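Below is one structure, written out as C-alpha cells, with a few remarks after it.
The values are calculated or read from the model by the stated rules, or taken from the named source; none is laboratory data. A quick note: this is a predicted structure, and the numbers were derived from the prediction, not measured. With ideal geometry, Cβ positions are generated from the backbone for all residues, glycine too; neighbour counts draw on all protein chains shown. All accessible areas refer to the heavy atoms of the entire protein, side chains included, with ligands and DNA or RNA removed. Shrake-Rupley method; radii C 1.70, N 1.55, O 1.52, S 1.80 Å.
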Amino acid sequence: MSTTPSTPTTSAFYVQSALSFAVALTAVGIAVALIPIDPWIRAFLGIGVLYVVTSAFNLAKCIRDRQETETTLSRVDRARLEKLLTEHNPFTSTT
C-alpha cells in the first residue's frame, strides 16, 4: 500500500509563525492602548482585535479539519481500490 506524501511543518516555520503572530498582536495591542482616543473607543477596538484573532483561529481549525477529512477519505478509497485490485484474478471465469 502506498503512502501519501506528507508535508510536515518544520520547527523553523512553526517558530517563525508563532513569533510573527506574537509581534503582530503585540504591535496592535500597543497601538490600541496608546492611541489618543476615548476609553470606550479604545475598548471597542480592543474587543474588535480579539474577535478577529479568535475568528482567525476558528477559520484555521475548520480548514485543517476539512483537509484532514478529505485526506482520510482519500486514504480509505485508495485502500479499497488496492484491495479490489489485489483480489481480482483476470484468469478466473465468472460464469
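Measure nothing but the geometry: give the 0 to 90° angle between the long axis through the Cα atoms of 11-34 and the longest principal axis through the Cα atoms of the chain, rounded to 10°.
30
With each run of n ≥ 4 DSSP H residues scored as -39500 (n - 2.57), what mean residue ellipticity at 222 nm is computed for the chain after dividing by its residue count and rounding to the nearest 500 deg cm²/dmol?
On the way: 2 runs with 73 residues, N = 95.
That comes out to -28000 deg cm²/dmol.
Once fully extended, how much extra length lies between residue 9 and residue 80, figured as 0.36 nm per residue of separation less the alpha-carbon to alpha-carbon distance?
22.7 nm
Between 0 and 90 degrees, rounded to the nearest ten: what's the tilt of helix 39-87 against the longest Cα principal axis of the chain?
10
Can you give me the accessible area per residue for the chain, using a 1.4 Å probe, in Å²?
Values: 8640 Å² over 95 residues.
Solvent-accessible surface per residue comes out at 91 Å².
Within 14 Å, Cβ to Cβ, of residue 83, how many net charges do the neighbouring residues add up to if Lys/Arg are +1 and Asp/Glu are -1?
With Lys, Arg at +1 and Asp, Glu at -1, the neighbours total 0.
How far apart, in nm, are two points set 7 Å out from the Cα along the Cα-to-Cβ line at residue 58 and at residue 43?
2.2
Using a 1.4 Å probe on the protein chains only, how many percent of the accessible area of the stretch 46-95 belongs to carbon and sulfur?
C and S atoms contribute 64 percent here.
May I ask you to derive the FRET efficiency for residue 26 and residue 68 from their Cβ-Cβ distance with R0 = 30 Å, giving the value to the nearest 0.05?
0.45
Out of the chymotrypsin sites (Phe, Trp or Tyr not before Pro) in the stretch 26-95, which ones are loop residues according to DSSP with at most 10 other C-beta atoms within 10 Å?
Numbers: sites: 40, 44, 51, 57, 91; in loops: 91.
Passing both the DSSP loop test and the Cβ count: 91.
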